[in-house]
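Only the coordinates and a few stated rules stand behind these numbers; no lab work does. Keep in mind it's a predicted model, so treat the numbers as computed, not measured. Cβ atoms come from the backbone with ideal geometry, glycine included; neighbour counts cover every protein chain shown.
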Amino acid sequence: GDVYFRITRYPEYGRLSGQRPDQLLDEEEEPNPLKEDPRDFALWKANKPDEDTWWDSPWGRGRPGWHIECSVMAEELLGPVFEIHGGGLDLVFPHHENELAQSRALGHDFARIWTHNGMLRFTGSKMAKSEGNVVTIREALDRWGRETLLLFFMTGHWSKPIDFSEETMEQATAQLETFRNYFVGLEYEPEEIESDRLVEVLEDDFNTPGALALFHDWRTRGRSASLRWGLDLFGLGSLAKPREAPFELVRLAEQRWKARREGDFATADEVRRQVEEQGWEIRDRADGFDLVPK
């Protein structure tokens, strides 16, 4: 038959999810007369006639409850006590609450630290296969690139939901270009890196939005060495390196430079238009020009 965990025998039940036991709801949609308390959860489920997966046990044929498998895998691979157990916010209750309770019932400490990340939402809705709104990492990389995705994820705190949309990706792209353009033509000047400021921000629950705000502060104050160091720490060091323009665009820009020197401004304007159509911008200097990605 069925075997249930009696939650009244575990006083700490509900502490992980921050709920009072008398306010917790039953995980099953319909009342179960086999339970002493509607909040008790299954450790073992008896086999049903329409189920083809079962094992023999002292309680008859059946299968483990759905929380059991995670306790088993964690302890098999990591041991009876380990440092960090992670998962999405949607798993805090009942899954992780029950997983912790059944493991503690064996006298095991189980996980010392629990981290629950916010959900990735697609224009306000949870991204899920059942919703038909899934965008794979590969698809996102192919369209926006690695650096843009990293900046996008930095805009949200790891424990809060984050919205994925055309608008938020455009905002991340704009930040990428802001950082990249800052370093165009910038000569390196030695300076003391303000590492303590970034450490202080990240020690506040790994506050990546705060880190991103600090990067913009360094940019506006001209702290190029600190900004270069910070970007590199987050895998964004390529934004501080010059991006080489295609050879054919360099030739076009040279033709425009020659046309301007000769006073042929109509040709110069036409060449500028051709270059901009390729996603690049010509920035004139007194002694030449720079080609900058738009």
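Could you state the angle between the C-alpha long axis of helix 224-233 and the longest principal axis of the C-alpha atoms of the chain, as a value from 0 to 90 degrees rounded to the nearest 10? Approximately 40 degrees, to the nearest ten.
GLU167 to TRP55: extension gain in nm, 0.36 nm per residue of separation minus the Cα-Cα distance?
Details: separation 112, 0.36 × 112 = 40.32 nm, distance 5.09 nm.
Extra length from GLU167 to TRP55 when fully extended: 35.2 nm.
Hey, what did region 140-246 get for relative contact order, percent, Cα under 8 Å, at least 6 apart? Walk me through the numbers before you get to the answer.
Numbers: 90 pairs, mean separation 33.1, N = 107.
For region 140-246, the relative contact order is 31 percent.
Shown here: region 160-294, whose C-alpha atoms stretch 58, 39, 22 Å along the first, second and third principal axes, sorted largest to smallest.
Apply 1/(1 + (r/R0)^6) to the Cβ-Cβ distance of ARG138 and LEU202, taking R0 = 35 Å, and write down the FRET efficiency to the nearest 0.05. About 0.75, to the nearest 0.05. With the highest mean first, a sort of the peptides 2-12, 227-237 on other beta-carbon atoms found within 10 angstrom per residue produces 227-237, 2-12.
Only Cα pairs under 8 Å and 6+ residues apart enter the sum, and on that basis the relative contact order of the chain stands at 11 percent.
At 0.692 mPa s and 37 °C, plugging the Kirkwood radius over alpha-carbon pairs of the chain into Stokes-Einstein gives what diffusion coefficient in µm²/s?
Working: Rh = 24.3 Å.
Result for D is 135 µm²/s.
GNM on the chain, alpha-carbon springs under 10 angstrom: the most fluctuating residue among LEU186, LEU120, LEU77 is LEU77. The spacing between region 113-191 and region 46-110, judged by their C-alpha centroids, is 34 Å. Remark on TRP280: its backbone amide H falls under 5 Å from those of LYS294, a criterion applied only to residues 5 or more positions apart or on other chains, H modelled at 1.01 Å from N. Quick one: if the Förster radius is 22 Å, what FRET efficiency do PHE122 and ARG219 give, using the C-beta to C-beta distance and rounding to 0.05? FRET efficiency, PHE122 to ARG219: 0.10. What base-10 log of the normalised intensity I(q)/I(0) is obtained for region 3-117 from the Debye formula, alpha carbons as equal point scatterers, at q = 0.15, 0.16, 0.20, 0.22 Å⁻¹? So the normalised log intensities are -0.71, -0.80, -1.20, -1.36. When DSSP beta bridges are limited to those with both residues in the chain, what percentage is antiparallel, rounded to the nearest 5? Of the beta bridges lying entirely in the chain, close to 60 percent run antiparallel. Scanning residues 5 or more positions from PHE82 or on other chains, those with amide H under 5 Å from its amide H are PHE110, ALA111, ARG112, with H placed 1.01 Å from N in the peptide plane. Annotation: lysines with alpha-carbon distance below 21 angstrom to LYS45 (same-chain offsets under eight excluded): LYS35.
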